[in-house]
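Student: Quick one: the structure is below, questions incoming.
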Amino acid sequence: MPGFELWSDKERKEVNDVLETGILMRYGFDGPRKGIWKSKELEEAICKRFGCEYAQLTSSGTAALTTAMSALGIGYGDEVICPAFTFVASFEAILSVGAVPVLVDIDETLTLSPEAVKKAITPKTKAVMPVHMCGSMADMDALIAICKDRNLYLLEDACQSIGGTYKGKHLGTIGDAGTFSFDFVKTMTCAEGGVVMMNDKALHEKCDGYTDHGHDHNGADRGADLHPFIGYNYRISELHAAVGLAQIIRVDEFLTIQKKNHGLLKNMLAQVTGVSFRHVPDPVGDSCSFVSWFLPTKEITSAVVKEMKAEGILPGNFYWYENNWHYISKWDHLKNATTLNALHPDLKSKVMEQANKNFVASDAIMSRCISTAISLLWTEEQIKEKGEKMVKVIQKVLKELPVAN
Ligand SMILES: *Cc1c(COP(=O)(O)O)cnc(C)c1O
């Protein structure tokens with residue numbers, strides 16, 4: 001999955017360019033920066049590599065989601081539909097603009113079930129946020145149709161699926177806006193960082209100002225800029241952008257290795273009767289950062305996890321169902337709407353109502369799902385050894401716990 005595994009001279013060179021001038025900020029200082037504009041360059045490279053008209057870098061993927069929603073005008077009184085299986089950033093960002101996160105069930109794509117989305121739409125719904133989890137994608141045709149029909153924004157969280165595509169288009173560039181995260185464990189990293197991608201010029205101007213205290217960036221210098229609206233500071237630094245600039249050139253190299261390693265491991269798991277895989281709406285577009293697989297029952301899955309732990313092969317395998325970060329079952333802070341600063345009482349009660357719904361359909365999927373992170377450093381030998389150990393554990397458990405007919 002992560003680009004940090006292949007740290008190289010290229011990253012060091014890009015960072016060093018910035019260290020030489022000492023201009024660590026992305027705006028201003030036109031003279032002393034000696035023509036070095038890493039953030040601008042990275043934005044251009046993102047547009048070119050992933051196929052969008054505009055890109056706005058941010059300080060994180062979470063900030064990118066917040067920025068996109070603010071720029072789309074999503075806020076007080078609005079509802080945003082997102083999946084019950086996602087990284088906590090999804091609901092954090094929705095709450096940060098004052099909107100209600102409406103969590104809905106996933107299907108075997110491991111993200112939004114289009115049927116569940118339809119049922120959750122109310123007159124307050126403003127946007128649908130599919131989260132392309134673990135390298136692969138949502139059923140985009142169905143979601144696009146729903147958003148068109150109901151006049152809703154489609155905001156793609158592609159933070160975990162950099163380089164993935166759907167019917168030839170890059171994930172994150174299909175909806176009204178889309179985001180990547182460049183945090184340390186993502187397919188390409190800036191150490192910390194993110195981006196909003198879009199094709200609408202006016203939307204981009206809003207993102208640009210919002211991430212830099214509302215500056216319009218039209219003044220002769222920063223002091224002369226106007227502030228057409230209130231913004232915040234979600235800027236990326238030149239040091240972070242420099243890392244990303246080296247990584248984006250290597251992203252094809254990362255994806256090639258990732259796909260190869262994914263294929264080898266998946267083939268081994270596919271030999272086991274009883275193992276099945278997530279539904280991938282466009283298989284050629286899978287970025288392959290994880291292989292996500294299912295076992296027949298929750299009991300079997302839980303026993304396999306236990307056995308993998310005992311055998312020392314659990315690291316890198318994620319049983320999200322019992323993970324504190326990615327699935328509704330463990331988000332007590334959201335269920336109790338525990339915040340440091342007071343939420344508006346209406347928002348608080350709606351957050352609690354949404355988070356305490358039942359998610360039996362998602363439970364039935366997530367309790368049987370394990371995702372194995374694909375490393376870029378594995379040798380073929382290591383994959384074979386890893387796969388054999390996993391297969392052995394799975395077969396042992398399946399023998400001990402036969403599936404009742
Ligand atoms: C990593 C991630 C984010 C947020 O990214 P940060 O850069 O860590 O803030 C958002 N959504 C998903 C699905 C992620 O995996």
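Since every read-out is calculated from the coordinates, none of them should be taken as a lab result. This one's a predicted model, so the numbers in the text were calculated from it and none came from an experiment. Glycine also receives a Cβ, built like all others from the backbone with ideal geometry; neighbour counts cover every protein chain displayed.
Student: Which three extents, in whole angstrom, do the alpha-carbon atoms of the chain cover along their principal axes, largest first?
Tutor: The Cα atoms of the chain stretch 73, 52, 39 Å along their principal axes.
Student: Right, another one. How many Å³ per residue does the convex hull of the Cα positions in region 324-405 occupy?
Tutor: 153
Student: Once the convex hull of the C-alpha atoms of region 57-99 is built, how many Å³ does it hold per residue, rounded to a whole number? Walk me through the intermediate numbers first.
Tutor: Values: hull volume 2.7 nm³, N = 43.
Looking at region 57-99, the number lands at 63 Å³ per residue.
Student: Using alpha carbons only, how many degrees (0 to 90, rounded to 10) separate the axis of helix 38-50 from the longest principal axis of the chain?
Tutor: Between helix and principal axis, roughly 50 degrees.
Student: Let me ask another. Give me the distance between the Cα centres of region 343-405 and region 240-298, rounded to whole Å.
Tutor: Region 343-405 and region 240-298 have Cα centres separated by 15 Å.
Student: Filter Lys38/Lys118; Lys169/Lys335; Lys13/Lys167; Lys260/Lys306 down to the pairs with a C-alpha to C-alpha distance above 31 Å, please.
Tutor: Details: Lys38/Lys118 42 Å; Lys169/Lys335 36 Å; Lys13/Lys167 36 Å; Lys260/Lys306 28 Å.
Violating the 31 Å limit, Cα to Cα: Lys38/Lys118; Lys169/Lys335; Lys13/Lys167.
Student: If you don't mind, another one. Quick check: the angle from helix 9-21's long axis to the longest principal axis of the chain, C-alpha only, nearest 10 degrees?
Tutor: 20
Student: Output the 0 to 90 degree angle, nearest 10, between the alpha-carbon long axis of helix 140-150 and the longest principal axis computed from the alpha carbons of the chain.
Tutor: The angle comes out near 60 degrees.
Student: Give me Rg/Rg_expected for region 94-244, where Rg uses Cα atoms only and Rg_expected = 2.2 N^0.38 Å with N residues.
Tutor: With N residues counted in region 94-244, Rg over 2.2 N^0.38 Å equals 1.14.
Student: Sort Met268, Met129 so that the residue with the fewest other Cβ atoms within 10 Å of its own Cβ comes first and the one with the most comes last.
Tutor: With the fewest neighbours first, Met268, Met129 line up as Met268, Met129.
Student: Give me the percent of DSSP beta bridges within the chain that run antiparallel, rounded to the nearest 5.
Tutor: 60
Student: Below 8 Å, C-alpha to C-alpha, sequence gap of six or more: please give me the relative contact order for region 169-272 in percent.
Tutor: On the way: 125 pairs, mean separation 21.3, N = 104.
Computed over region 169-272, the figure is 20 percent.
Student: Go through Thr372, Thr86, Gly244 and say which Cα lies farthest out towards the positive end of the charge dipole of the chain; charges sit on Cβ, +1 for Lys and Arg, -1 for Asp and Glu.
Tutor: Going by the charge dipole, the pick is Thr372.
Student: Suppose we keep just the alpha-carbon trace of region 14-105; what are its Rg and Dmax in angstrom?
Tutor: Rg and Dmax of region 14-105, Cα atoms, are 17.4, 53 Å.
Student: Over region 252-405, what relative contact order in percent results from Cα pairs under 8 Å that are six or more residues apart?
Tutor: Details: 164 pairs, mean separation 57.6, N = 154.
It rounds to 37 percent for region 252-405.
Student: Additional query: Starting from region 147-247, pick out the trypsin sites (Lys or Arg not before Pro) whose DSSP state is loop and whose Cβ has at most 14 other Cβ atoms within 10 Å.
Tutor: In loop regions of region 147-247 (DSSP not H, G, I, E or B), the sparsely surrounded trypsin sites (Lys or Arg not before Pro) are Lys167.
Student: Over region 200-265, with a single point scatterer placed on each C-alpha, what log10 of the ratio I(q)/I(0) does the Debye formula yield at q = 0.13, 0.19, 0.27 1/Å?
Tutor: -0.58, -0.81, -1.07
Student: Here's something else I'd like to know. Can you quote the Å³ per residue value for the convex hull of the Cα atoms in region 252-400, rounded to an integer?
Tutor: About 156 Å³ per residue, rounded to a whole number.
Student: Same structure again: Taking springs between alpha-carbon atoms closer than 10 angstrom, which of Gly164, Gly223, Gly244 fluctuates most in the Gaussian network model of the chain?
Tutor: Largest GNM mean-square fluctuation: Gly223.
Student: For the chain, what is the relative contact order in percent, using Cα pairs closer than 8 Å and at least 6 residues apart in sequence?
Tutor: It comes to 20 percent, rounded to a whole number.
Student: Do any chymotrypsin sites (Phe, Trp or Tyr not before Pro) in region 213-275 lie in a loop, going by DSSP, with at most 13 other beta-carbon atoms within 10 Å of their beta carbon, and if so which?
Tutor: Listed in order of number, the matching sites are Phe229.
Student: With bins 5 Å wide starting at 0, give me the P(r) of region 286-328 over every alpha carbon pair, in whole percents.
Tutor: 5, 19, 25, 30, 17, 5, 0
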